[in-house]
Amino acid sequence: MTRTLALSAALVLSACASSEAARKAAAAPLQWCDPCTYPCTSPCAPPAVPVAAPAPAPKPAYVPPPTPAVAPAFDPVPGDFAAAQSVTLSTPTPGASIYYTTDGSAPTTASSPYSGPIRVESTTTLRAMAVAPGAPESSVSEGAYGITPPPPPPPARVVITEKKLELKDKVFFDTSKATIKPVSFDLLDEVARVLIAHPEVKNLRIEGHTDSTGSAATNTALSEARAEAVRDYLVTKGGVAADRLSAKGFGPARPVADNATAAGREANRRVEFMIE
């Protein structure tokens, strides 16, 4: 009886002690094995929960810089010319305005605004830029125009008057022959061009004249042969219609100067072109 009571009391005390120990254990901070090894009297640590890194701040969207206006183009392209030019400027940039200078200085928006062809009458350097709303200014285009007029033509050596073709030079022949000297070819070519340009001159008589040296008959024949030689040249080389031309020799019969002097004789040896 006494033993039974003692055992019962021991069990009650053991239960109380266990309950108290459990209570204290529950209240105490948990102890974890770190690292967990065997044998282990404390529970293992829970698996670590990875902490996500903060998301990077979004980068601002790339905005490309605005495209500059396209530099003006020149028409005609710069170069050397024999006459004045009208130069046009253009750019494909929509809504662009063009500003230019003609003295080689850098253009700005205060320079001359382009509104139509630029007349270039002497050697000039053009520079131009384009400006468009919302776009940077274009680069500067440059064009050098050289204007070099051809030399003036030589003064006319053949002039039409009412009665004749006045020649500012002479037709030369070999001495005592009807052979035209090459030095006179250009002059006769000019005679032909004048006749072709003036078809109203329908009949032209080519007259040969000599000085009085030698016999009149010989000089008359020579002057006739020289007039015929000139006519043949104008037809075959100059392209003048043969039916517009006739030839006649007068020898020394119609002098224009004194045959007693060398200068007079030189003046009398001549070919004349008379309009009929």
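The values are calculated or read from the model by the stated rules, or taken from the named source; none is laboratory data. Predicted, not measured: the structure shown is a model, and the values here were computed from it. FYI the Cβ positions are ideal-geometry reconstructions off the backbone, even for glycines, and counts take in every protein chain you see.
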- Query: For Ser212, which of the numbered conditions (1) in contact with an Asp or Glu (Cβ under 8 Å, 6 or more places away or on another chain); (2) farther than 20 Å from Val159 by Cα fails to hold?
  - Reply: (1)
- Item | Residue, surrounded by the fewest Cβ atoms within 10 Å (Cβ to Cβ), within the range 168-210, restricted to residues that are in contact with a Phe, Trp or Tyr (Cβ under 7 Å, 6 or more places away or on another chain) and assigned to a loop (DSSP other than H, G, I, E, B) | Lys181
- Message: The conditions are (1) surrounded by fewer than 17 Cβ atoms within 10 Å (Cβ to Cβ); (2) within 55 Å of the chain's Cα centre (by Cα); (3) outside any helix (DSSP H, G or I), and Glu272 fails exactly one of them. Which is it?
- Response: (1)
- By residue number, the members of the range 66-94 that are more than 18 Å from Met129 (Cβ to Cβ), outside any strand (DSSP E or B) and free of Cβ contacts under 8 Å to residues at least 40 places away in the same chain are Pro76
- Message: For the range 128-147, give me the residue count where each residue is closer than 18 Å to Ser115 by Cα and among the aliphatic types (A, V, I, L, M).
- Response: 6
- Collect the residues in the range 138-156 that are assigned to a strand (DSSP E or B) and not hydroxyl-bearing (Ser, Thr, Tyr), keeping them in residue-number order. Glu142, Gly143, Ala144, Gly146, Ile147
- With the condition kept exactly as written, say whether any residue in the range 202-210 is under 20 Å from Asp174 (Cβ atoms), at pLDDT 95 or above and hydroxyl-bearing (Ser, Thr, Tyr). yes
- Message: Looking at the range 252-266, can you tell me whether even one residue there is among the hydroxyl-bearing types (Ser, Thr, Tyr) and under 52 Å from the mean Cα position of the chain (by Cα)?
- Response: no
- Got a number for residues in the range 211-252 being part of a loop (DSSP other than H, G, I, E, B), farther than 20 Å from Pro182 by Cα and touching a residue at least 40 places away in the same chain (Cβ under 8 Å)? 6
